[in-house]
Amino acid sequence: MKQLETSVRKKISKALIVDDEIDICYLLEGILKKKSVWSTYVNTLSDAQIMLRKETPSIIFLDNHLPDGLGVEFIDHIKKYYPSTKVVIITAVDSSSDRKMAYEHGADYFISKPFNMEIIYNVVEKLK
């Protein structure tokens with residue numbers, strides 16, 4: 001039973017946070033650390049591409065509105081080259097069209113800002 005619990009825990013052991021708001025990056029990093037999920041963050045899609053070439057995370061928390069493009073359009077790249085990586089869109093702009101577009105591109109989850117620790121914990125648990 002312990003082996004099963006360990007393997008489930010390891011499923012989401014690394015996260016990449018892609019958000020241009022440093023406060024959001026720090027907040028998510030702290031929340032994930034409490035769930036024993038190692039994380040790192042970048043602030044642009046181009047930096048996310050570089051980071052993904054170095055290490056493939058289990059989950060990506062991806063802001064939709066970034067300085068160099070839309071996160072929902074980057075999902076296609078993630079799903080093509082890193083198909084086992086889960087993608088969670090996090091955005092302050094929560095419209096039904098944004099949600100629909102995110103899921104059409106392959107997002108695994110969609111979270112509106114502001115969010116709290118409980119929401120992040122639930123998402124991590126659901127995506128295991």
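Bear in mind that the values in this text are calculations on the coordinates, not laboratory data. The model shown is predicted, which means the values in this text are computed figures rather than measured ones. Neighbour counts are summed over all protein chains in view; Cβ atoms, including those assigned to glycine, are modelled from backbone coordinates with ideal geometry.
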Taking Cα pairs closer than 8 Å and at least 6 residues apart, the relative contact order of the chain in percent is 24 percent
Cα-based shape type of the stretch 9-95, given that a ≥ b ≥ c are square roots of the gyration tensor eigenvalues and the cut on a/c is 1.5: oblate
Find out how many positive minus negative residues lie around residue 97, taking Lys and Arg as positive, Asp and Glu as negative, among other residues whose Cβ is under 15 Å from that of residue 97. -2
What distance in nm lies between label points placed 7 Å from Cα along the C-beta direction at residue 121 and residue 68? 3.6 nm
Mind checking the dipole of the stretch 9-126: about its Cα centre, +1 per Lys or Arg Cβ, -1 per Asp or Glu Cβ, Debye to the nearest 20? 780 debye
May I ask you to list the residues of the stretch 37-61 whose amide nitrogen lies under 17 Å from a point 7 Å from Cα along the Cα→beta-carbon direction of residue 76? 45-46, 49
Residue separation times 0.36 nm, minus the C-alpha to C-alpha distance between residue 20 and residue 94: what's the value? 24.9 nm
